[in-house]
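Structure record follows, encoded as structure tokens.
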Amino acid sequence: MIAKLAPILLLLVSNIFMTVAWYGHLKFTEKPLYVVIVVSWLIALLEYCFAVPANRIGHTVYSVAALKTMQEVISLSVFAVFSVYALGEQLTSSHIAGFALIALGAFFIFKSPV
């Protein structure tokens, strides 16, 4: 049971760091680009510290396609929440429709035999 849940939790934490690294600097446009690049790389290092174990542990119970699909669904979910609450962006019906199609694709990935 741990091997099935750990990758999900680790990918969730990983994607929080990833989203902050990739998009958090948009709140600090007054900072020089080289500063946000260095800070983003440091945050991305933390992201890798969670992503690599997530995939190593996850591959014992999930296919690589399933792990990648999990990562993408988690990434989009974290991104949607971050963009609304941290960046003040709005999710439109087109965004929701696109996310639903991705979720449908995830359904088919997990429906296939491992």
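The values are calculated or read from the model by the stated rules, or taken from the named source; none is laboratory data. These figures come from a predicted structure and were not determined experimentally. Reconstructed Cβ throughout: ideal geometry from the backbone, glycine too, with neighbour counts over all protein chains shown. These accessible areas exclude ligands, DNA and RNA; they are computed on the full protein's heavy atoms, side chains included. Shrake-Rupley method; radii C 1.70, N 1.55, O 1.52, S 1.80 Å.
Out of all the residues in the range 78-101, which are in contact (Cβ under 8 Å) with a residue 60 or more places away in the chain, assigned to a helix (DSSP H, G or I) and small (Gly, Ala, Ser)? Working first, answer last.
Filtering the range 78-101 down to residues in contact (Cβ under 8 Å) with a residue 60 or more places away in the chain leaves 78-79, 82-83, 86-87.
Narrowing further to those that are assigned to a helix (DSSP H, G or I): 78-79, 82-83.
Hit for the range 78-101 is SER83, nothing else.
With the requirement that a residue be open to solvent by less than 60 Å² (accessible area, probe 1.4 Å) and under 17 Å from the mean Cα position of the chain (by Cα), what does the range 102-112 give you?
Residues satisfying the conditions are ALA103, GLY105, ALA106.
Just checking, how many residues over the range 77-101 are surrounded by 16 or more Cβ atoms within 10 Å (Cβ to Cβ) and either in contact with an Asp or Glu (Cβ under 8 Å, 6 or more places away or on another chain) or among the aliphatic types (A, V, I, L, M) (or both)?
Qualifying residue count for the region: 3.
For VAL36, state whether it is open to solvent by 80 Å² or more (accessible area, probe 1.4 Å), farther than 15 Å from LEU10 by Cβ and of a type in the set (Val, Ile, Thr).
When the stated conditions are applied, VAL36 does not pass them.
Take the range 50-66 and flag every residue that is assigned to a helix (DSSP H, G or I) and crowded, with 18+ Cβ neighbours inside 10 Å.
Result: PHE50, ALA51, ALA54, ASN55, ILE57, GLY58, ALA66.
Given (1) surrounded by 18 or more Cβ atoms within 10 Å (Cβ to Cβ); (2) charged (D, E, K, R); (3) without any contact (Cβ under 8 Å) to a residue 24 or more places away in the chain, identify the lone condition not met by GLU47.
(3)
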